[in-house]
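What follows is calculated from the coordinates using simple rules that are stated; it is not laboratory data. Bear in mind that the values here come from a model prediction, so they are computed numbers and not experimental data. Cβ sites come from the backbone with ideal geometry, for glycine too, and all protein chains shown count toward neighbours.
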Amino acid sequence: MEFVDFDKTLTDEECKRLSAQNDRIVSEHQANMLEVKAKKHWDLFYKRNESRFFKDRHWTTREFQELLNQSETTKLILFEVGCGVGNFIFPLIEENLNFKVIACDLSPRAVEIVKKHPNYSQEQIKVFQCDITTDHVFEEVEAGSVDIITLIFVLSAIHPDKFSTTLKHLFNLLKPGGILLFRDYGLYDMAQLRFKPGNKIAENFYMRQDGTRSYYFSIDEFSNLLEEAGFEIIVNTYVHRRTINIKENIDVPRIFIQSKARKPLGW
Ligand SMILES: C[S@@+](CC[C@H](N)C(=O)[O-])C[C@H]1O[C@@H](n2cnc3c(N)ncnc32)[C@H](O)[C@@H]1O
């Protein structure tokens with residue numbers, strides 16, 4: 001097996017684990033069912049976990065300073081795609097950042113949980129159910145109208161065959177000069193190495209026990225996807241972080257990819 005374009009040197013043990021994942025691949029039928037039932041699986045995820053699973057993302061203005069570039073005259077429009085229960089948007093609102101927020105998620109239940117949040121207000125947030133891989137989004141959001149799109153741990157949940165269409169949709173939604181802020185799982189992140197035989201759907205694409213899926217991106221692949229969709233890349237890099245949970249005695253290294261890309265002026 002050849003491993004190129006990654007940010008981590010794999011140990012022999014890790015190479016063996018990756019190879020073993022190929023011993024039993026998810027069948028074509030099961031892979032198709034996972035695609036057909038993606039909405040159902042995410043909805044059940046939120047039925048089980050409600051708003052308890054993901055932590056509020058308080059790192060976003062530190063990592064994405066673009067969120068602090070406020071306009072003095074008009075409210076910027078921020079579109080959080082795959083908003084879940086709002087762990088990205090509510091910390092921004094609590095910081096009093098002056099955005100008009102648009103948010104969507106595949107799961108109707110997640111959308112309902114956002115609407116019940118104490119800091120939700122219809123004047124500041126428009127939230128709706130939507131599969132971002134389809135044209136439905138253009139019925140809710142006007143093309144060329146958004147200043148900043150955030151896509152945080154969402155593209156990895158989408159089938160790789162739909163990455164290009166998704167990014168093209170986001171490109172079309174942005175104003176010329178508008179920015180896409182992206183964070184997602186990086187190639188050979190510890191969560192990828194932990195998958196056992198029976199979970200791999202395709203190269204770097206896996207199913208979890210609950211039927212949701214996750215893809216692990218290399219920066220080369222993601223920069224090709226961005227450029228193909230028409231974006232100008234500002235930053236596209238691996239970032240190394242740790243997942244720490246003191247109560248459960250967990251402290252593990254993580255690999256993410258973080259990117260910023262612009263829709264060129266003149267579109
Ligand atoms: C890991 S969560 C991230 C939530 C949020 N962005 C955050 O940072 O906390 C991934 C979210 O993507 C949503 N999702 C998956 N596929 C989607 C699609 N095709 N269109 C819109 N949302 C999708 C899921 O329902 C889920 O809420």
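Applying D = kT/(6 pi eta Rh) to region 142-193, where Rh is the Kirkwood radius over alpha-carbon pairs, T corresponds to 37 °C and eta to 0.692 mPa s, the Stokes-Einstein value obtained is 271 µm²/s. If R0 is 25 Å, what FRET efficiency do you get for residue 61 and residue 162 from their C-beta distance, rounded to 0.05? So, using R0 = 25 Å, E works out to roughly 0.25. Legend: P(r) of region 25-262 from all alpha carbon pair distances, 10 Å bins from 0, whole percents, reading 7, 32, 40, 19, 3, 0. A simple spin-label model places pseudo-atoms 7 Å from Cα toward Cβ; at residue 252 and residue 203 they are separated by 2.5 nm.
Of interest is the spacing of the C-alpha centroids, which for region 214-267 and region 7-51 amounts to 19 Å. Annotation: amide H of residue 128 within the under-5 Å range of 103, 104, 105, sequence separation 5 or more or interchain, hydrogens built in the peptide plane.
Of the cross-linked pairs 39/162; 168/263; 75/175; 37/168; 75/263; 47/116, which ones have a Cα-Cα span greater than 21 Å in the structure shown? Violating the 21 Å limit, Cα to Cα: 37/168. Orientation-averaged projection of region 1-159 equals 12.6 nm² [convex hull of Cα atoms, one quarter of hull surface area]. The DSSP beta bridges internal to region 25-262 are antiparallel in roughly 50% of cases.
Each residue of region 124-139 was assigned a 3J(HN,Hα) from its phi angle through the Karplus expression (A = 6.51, B = -1.76, C = 1.60, θ = phi - 60°), giving 9, 10, 10, 10, 8, 7, 6, 8, 5, 7, 9, 6, 3, 4, 6, 7 Hz with x at Gly and Pro. Entry note, the chain: the mean residue ellipticity at 222 nm calculated from DSSP H runs of n ≥ 4, each adding -39500 (n - 2.57), is -8000 deg cm²/dmol after division by the residues and rounding to the nearest 500. Here the Karplus relation 6.51 cos²θ - 1.76 cosθ + 1.60, evaluated at θ = phi - 60°, turns the backbone of region 86-99 into coupling constants of x, 5, 8, 7, 5, x, 5, 5, 5, 7, 6, 6, 8, 10 Hz, with x for every Gly and Pro.
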